[in-house]
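Structure, as structure tokens:
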């Protein structure tokens, strides 16, 4: 995903300029204290140099990547035909996540509902991204902004509740997971609160395999190590989430997983 490299380079360069600008202002305001503090000058200068150099290194890597191809929005529609996808967090102030192909092509996107207004802006703070203090709704939509699904985070302190809706806002299911846990785990309930599935990571690394009562594999999650981990599109981020889905899942099941 070339745009993630380019945005990373942009934010690194802006960070270096902002750091230098703020420090110059502080030196002017507190000149009696900071003007001859050469140790602090060196540390700030070194930080600015690292950020600025990093921006050029990342931009150079971006220039070596191919331009991202426009996806077929008719195929990657609200019907959600995917059986394999990767979650990749964008570099942005308001949280934005893309569901991407094995080549890094953006297929779908997840972002806070624009109708939230102030609450959407507050998701820039990680504390509020999972429903702490107030519920927050995210849209899963196509690249051309057609809603596929919506889900609402509600933090109950002891656990997090995620209510999942289809594109018509019909309640499909509810996912419950602990607020704090050594291993990833969750329980899925249907719309009338009947328990459907329970999932738990095999280890602290977070990998999850989900089977039905007959032992059939429905979905699997891989964190960090997955088939496309060495592709340049995924190397810039430390953590990527890869999801594989069974080929005969219904639309609602895919949305749940």
Given (1) within 15 Å of the chain's Cα centre (by Cα); (2) modelled with pLDDT under 85, residue 186 misses just (1)
When every residue in segment 238-257 that is buried (at least 17 other Cβ atoms within 10 Å of the Cβ) and more than 22 Å from residue 196 (Cβ to Cβ) is compared, the one modelled with the lowest pLDDT is 240
In segment 152-186, anything farther than 17 Å from residue 196 by Cα and touching a residue at least 40 places away in the same chain (Cβ under 8 Å) is listed as 166, 167
| query | For segment 189-199, does any single residue satisfy the condition of being closer than 21 Å to residue 83 by Cα, crowded, with 19+ Cβ neighbours inside 10 Å, in contact with a strand residue (DSSP E or B) (Cβ under 9 Å, 6 or more places away or on another chain) and in contact (Cβ under 8 Å) with a residue 12 or more places away in the chain? | reply | yes
Given the conditions (1) more than 27 Å from residue 107 (Cα to Cα); (2) at pLDDT below 85, every one holds for residue 219 apart from (1)
When every residue in segment 37-78 that is modelled with pLDDT of 80 or more and touching a helix residue (DSSP H, G or I) at 6+ places or on another chain (Cβ under 7 Å) is compared, the one farthest from residue 240 (Cα to Cα) is 40
Filter segment 127-145 for residues that are modelled with pLDDT of 80 or more and loosely packed, with under 13 Cβ neighbours inside 10 Å; the one that is farthest from the chain's Cα centre (by Cα) is 133
Every listed condition ((1) under 21 Å from residue 84 (Cβ atoms); (2) in contact with a helix residue (DSSP H, G or I) (Cβ under 6 Å, 6 or more places away or on another chain)) holds for residue 209 save (2)
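The values are calculated or read from the model by the stated rules, or taken from the named source; none is laboratory data. All of these numbers come straight from a predicted model, not from anything done at the bench. Ideal geometry is used to build each Cβ from the backbone, glycine not excepted, and the neighbour counts take in all protein chains shown.
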